[in-house]
Amino acid sequence: MSSCAQCVYMDLNDRDSDGWCYCGRKGSYYPPSDSTCWSFEERSDGGGCYLTTLVCNILGYADNGVILNTFRDFRDKIMNSDPQYKDLLIQYDTLGPKLVKCIEADSSKQSLAEKMKSMYIMPVYESLQKNNYKKAVDKYKEMVLFLEKYYATELAVIA
């Protein structure tokens, strides 16, 4: 039987004083060990999205939370309609699944995810909140370069 902790709507980082976690679907706090409800959607492995892997699967944030939704809105509303971002989107689609494999196999993925959050993910998120797209994209590119260097050996052998 599945538990609420396995649901995309359960934000494992947003806890009340009893340790219950926030369910974005129901708009209230519930024990993460509760049995699932009618709106249960199992967390995926992130597919080819290394940001989802880092933010949701490792750090425990909700897939439909404000951080990833802000990134998705930027991709869908700004990047997809602007030709200057075409190469960056293609790179994300081709490199993403390879990075997911590297991250998931990494024995120090928890510390990596925390480092990525503080050094890159939150600064990009904050820049997007301020509509400073150039700064957000520049920091995102730094993150990609960091991950490419960090996993250079592993990426060289992934087809």
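The values are calculated or read from the model by the stated rules, or taken from the named source; none is laboratory data. As the structure is a prediction and not an experimental result, all values here were calculated from the model. Because the Cβ atoms are built from the backbone with ideal geometry, glycine has one as well, and the counts that use them run over all protein chains shown. We work out accessible area using only protein heavy atoms, side chains counted, and drop any ligands, DNA or RNA first. Shrake-Rupley method; radii C 1.70, N 1.55, O 1.52, S 1.80 Å.
Among the chymotrypsin sites (Phe, Trp or Tyr not before Pro) within the range 99-159, not one is in coil by DSSP while having at most 14 neighbouring Cβ atoms inside 10 Å. Please work out the average accessible area per residue across the chain, using the 1.4 Å probe convention, and give it in Å². Result: 56 Å² per residue. Membrane-span-like helices of the chain, defined as complete DSSP H segments with a Cα extent of 24 Å or more along the helix axis and a mean Kyte hydropathy of at least -0.5, are identified as 86-105. Between Gln6 and Asp76, residue separation times 0.36 nm minus the direct Cα-Cα distance comes to 22.6 nm. Taking a straight line from the alpha carbon of Lys98, these aspartates and glutamates sit under 12 Å away, with near neighbours fewer than eight places off in the same chain left out: Glu148, Glu154.
Let's see if you can work this out: charge +1 on each Lys and Arg Cβ, -1 on each Asp and Glu Cβ, no other charges. What is the dipole magnitude of the range 37-114 about its Cα centre, in debye to the nearest 20?
Details: 8 positive and 12 negative charges, 26 e Å.
For this selection, approximately 120 debye.
Annotation: Cα Rg of the range 49-159 relative to the compact-globule expectation 2.2 N^0.38 Å equals 1.03. For a straight C-alpha distance cut-off of 21 angstrom, the lysines reachable from Lys130 (same-chain residues fewer than eight places away being disregarded) are Lys77, Lys117, Lys139, Lys141.
Round to the nearest 0.05 the FRET efficiency obtained for Trp38 and Asn64 when R0 = 22 Å and r is the Cβ-Cβ distance. All intermediate terms of the calculation are to be shown ahead of the outcome.
Details: r = 16 Å, r/R0 = 0.74.
With R0 = 22 Å, the Cβ-Cβ based efficiency is 0.85.
Counting only protein heavy atoms and a probe of 1.4 Å, the accessible surface of the chain is 50% carbon and sulfur. Loop-located trypsin sites (Lys or Arg not before Pro) in the range 98-155 (DSSP state other than H, G, I, E, B) with a sparse environment of at most 14 neighbouring Cβ atoms within 10 Å: Lys130. Taking amide H as placed 1.01 Å from N in the peptide plane, the amide H of Asp14 sits under 5 Å from that of Tyr22, each at least 5 places away or on another chain.
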